[in-house]
Ligand SMILES: *Cc1c(COP(=O)(O)O)cnc(C)c1O
């Protein structure tokens, strides 16, 4: 027990202690948190789907029809008509054979990685891959080698080293804490050349990237023969919860048969999946959401440059980070922004490498240019007077 006390004290002393903010009310980007009215620049619901009236209505309809929960794991009796319909529609949307719904992106990554890598496999992953991919690799007991972020040359070196082994290459599409986009085509070529599996986590691409928001496969023009599978968490631009994996018939059948995070966890409530079907409809049809988001990203980059702010990446993605470095400085800046009516995330290690604490801003299609300009002005003033 004493040891844990020491650990907690060290955590607090390094300014790494996490606190939660309680949100009492939400409509799109406007929230009331701790009795304060804030504009939310910290959530990943990039297209404002979570509060869309049609999606809410579908959720209510789903509850009326199916109740609160699914009652059991999908392979027992937790698999409902909405699960089946959503999987079919989603696979068709992406242009792959088949899809399977996991309870979260985290479950999905654990499931796919442990299914396609084993104790004697070699996993090659970008150093900045999401924790759920790293945890999947650890759970698979495979040998894990990591390359410097976006360094495809080093990725190739590592694949070469794994010559005789079964190999699996892991990457995100849009990196969640950098906001840059991986060189997906180069990685897909490496996977082919070195006979390696390839798993892409499209958590921050699906919904807004590519035509109709089809995500990384459309963006990089990849089909199911170019990779093992793609994980698409539904808690980001889909505005809900869950994780869907798309792949060939064989890949998805393997997940259904062997992924323990699928088999041994109660299926998502059918009402959630029923709402996800409507979310998919809205996302496909309403291009204006993506157009508005993209124009806001452009606006943000121009305005940040004018104010000499140090962005982690100027890629055209809705994730924009301002590197602060020091842990306490990031928290102080976040608190200052909160006092001014903006909620942003202070991201610290181990979520990001040591010494690179940052403010993470998520742009949304319903933010206004005035809100973005005002946020950047407060940041620029705070950075200047530090
Ligand atoms: C959020 C996220 C996950 C986890 O998905 P959940 O549905 O939140 O469990 C996995 N990978 C990436 C890249 C993410 O951003």
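Any read-out appearing in this document is the output of simple, stated calculations on the displayed coordinates, not a laboratory observation. All values derive from a computational prediction rather than experimental measurement. Glycine gets a Cβ as well: all are built from the backbone with ideal geometry, and neighbour counts include every protein chain shown.
Some points to look at:
- Take every pair of alpha-carbon atoms less than 8 Å apart whose residues are at least six positions apart; their mean separation over the length of segment 206-352 yields a relative contact order of 14 percent.
- Alpha-carbon Debye profile of segment 53-285, log10 I(q)/I(0) at 0.07, 0.09 Å⁻¹: -0.21, -0.34
- Segment 97-146 versus segment 312-386: alpha-carbon centroid distance in Å: 30 Å
- Taking 0.36 nm per residue of separation and subtracting the Cα-Cα distance, full extension of the segment from residue 85 to residue 166 would add 25.7 nm.
- Going from the residue with the fewest nearby Cβ atoms within 10 Å to the one with the most, 372, 246 rank 372, 246.
- Among 146, 141, a tally of other beta-carbon atoms within 10 Å of each Cβ gives an order, fewest to most, of 141, 146.
- Histogrammed with a bin width of 10 Å, the alpha carbon distances of segment 140-254 distribute as 13, 45, 34, 7, 0 percent, first bin at zero.
- For 323, 138, order by how many other beta-carbon atoms lie within 10 Å, fewest first: 138, 323
- DSSP bridge analysis restricted to the chain gives an antiparallel fraction near 60%, rounded to the nearest 5.
- Three-way shape call for segment 213-352 based on the alpha-carbon gyration tensor, with the a/c threshold at 1.5: prolate
- Over segment 53-285, relative contact order from alpha-carbon pairs under 8 Å, at least 6 apart, %: 32 percent
- Alpha-carbon gyration tensor eigenvalues x 5, square-rooted, for segment 270-346, Å: 31, 19, 11
- Cα pair distances exceeding 14 angstrom across segment 25-106, given as percent: 75 percent
- Kirkwood hydrodynamic radius of segment 174-236, Cα pairs, Å: 11.9 Å
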